[in-house]
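Each reported figure results from applying straightforward, stated rules to the coordinates on display, with no laboratory input. Being a predicted model, the structure only gives us computed values, none of them experimental. As a convention, Cβ positions derive from the backbone with ideal geometry for all residues, glycine included, and neighbour counts pool all protein chains shown.
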Amino acid sequence: MLTATKAWALAHLLVNGTLADVLLFGSFLAWAVADRVAAGRRDVQRRTPSSPPSRWNDAIAVVGGLVAYVVFVAWAHQALFGVMPMLPH
């Protein structure tokens, strides 16, 4: 999740140049980098609760993620932020 946050923040920093964008996305990037470094330095890895492994759970996660991605790219990003992410502006 931290890798995805770093990629998202970096991508937004590359295409947005206002001070507000640099502060927002730069803060997310700095947090994700610092959290990843801190996680690597922990002595004990905490066990997180999870569902039992199964292909059904994987399918739900992949299909749900793809549906959320398509909805966000096709409609929600424009509705919430006023920018179509896949079109040059």
Quick shape check on region 37-83: root eigenvalues a ≥ b ≥ c of the Cα gyration tensor, a/c under 1.5 is rounded, otherwise prolate if a/b tops b/c, else oblate, and it reads oblate
Among P49, A9, F28, the residue whose Cα sits farthest towards the positive end of the charge dipole of region 2-89 (+1 at Cβ of Lys and Arg, -1 at Cβ of Asp and Glu, taken about the Cα centre) is P49
Per the rule of 0.36 nm per residue minus the C-alpha distance, extending L19 to R46 adds in nm 6.0 nm
The convex hull of the Cα atoms of the chain, divided by residue count, gives a volume in Å³ per residue of 127 Å³
Subtracting the Cα-Cα distance of L87 and V33 from 0.36 nm times their residue separation yields 16.5 nm
